[in-house]
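Asker: Questions regarding the structure given below will be posed in turn.
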Amino acid sequence: MARKNTIAAALLGTAAALALAAPVAAEPLLNLSGDGDWLIRVRGLAVIPNEDLSAQGIPGADAEVENAYVPELDISYFFTPNIAAELILATTNHDVSGRGALAGANIGSVWLLPPTLTLQYHVTQLEDWTGSESLGRLKPYVGAGVNYTMFYDADPGQFASIDYDNAFGFALQAGLDYEIAEGVYLNADVKYIFLNTDWTINKNSPAPIRGSVDVNPLIVGLGLGVRF
């Protein structure tokens, strides 16, 4: 009888524990919502520089900064249904080679960490621009903001050293979210960053080479986001 009582008590205890745990288990980790304040996306990016380099004392000097393809995380906060701020976080590595008067020169590579903050306007209805009909699942947006690019782990290639100055830039943005389920979005996004930095080759030598480079990357992204 004692054994039966023990088994019965164990079963009752297990049932009670499951009953208490059921509401917790049923509670979703995120309450996805098409009108939530937060939107987090993961994108794949193509970073395509539109570079233009100059070097003091070397007329016709130029360089090619290779494209990069990387994952990216971005976080948006909606102040209103139409106004949001977005911060993107990614890092890219670019090979650099000489062109023009520097043709054939190996200028190594450099890593860029370019956090970019934009203020966006999200179109939710045609009446926002021209009419009164809802756009349904389509949610286009435009934005503008500021970028701060940090250059690190620069490989000088054939030179003794190379240094890039961290720099601010201005960003323009356009994109489109398409809601595939409640609070879940496919996203396409394009940014253009106006970015110029100064660089120095062989900084500690008696005759360092100094100049500047316009990086001006076009950033094309495709991804998936959740809003809550």
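Asker: Within the range 146-188, which residues have the backbone N less than 15 Å from the label spot 7 Å out from THR91 along Cα→beta-carbon, could you tell me?
Answerer: Zone members listed by number: 149-155.
Asker: Give me the net charge for the shell around ASN202: Cβ to Cβ below 12 angstrom, other residues only, Lys and Arg +1, Asp and Glu -1.
Answerer: Spelling it out: positives minus negatives among the neighbours equals +1.
Asker: Quickly work out the TRP111-to-SER205 label distance, labels modelled 7 Å from Cα along the C-beta direction, and quote it in nm with one decimal.
Answerer: 2.6 nm
Asker: Can you give the Kirkwood hydrodynamic radius of the range 31-227 from its Cα pairs, in Å with one decimal?
Answerer: Evaluated over the range 31-227, this radius sits at 18.3 Å.
Asker: May I ask you to derive the FRET efficiency for ASN166 and GLN125 from their Cβ-Cβ distance with R0 = 45 Å, giving the value to the nearest 0.05?
Answerer: Working from the Cβ atoms, E equals 0.65.
Asker: Report the charge-dipole magnitude of the range 69-159 in Debye, nearest 20, computed about the Cα centre from +1 at each Lys and Arg Cβ and -1 at each Asp and Glu Cβ.
Answerer: With only Lys, Arg, Asp and Glu charged at Cβ, the dipole is about 120 debye.
Just so you know, all these numbers are worked out from the coordinates, no wet-lab data involved. Remember, predicted model here, so these are calculated numbers, not experimental data. Neighbour counts run over all protein chains shown; Cβ positions are idealised from the backbone, glycine included.
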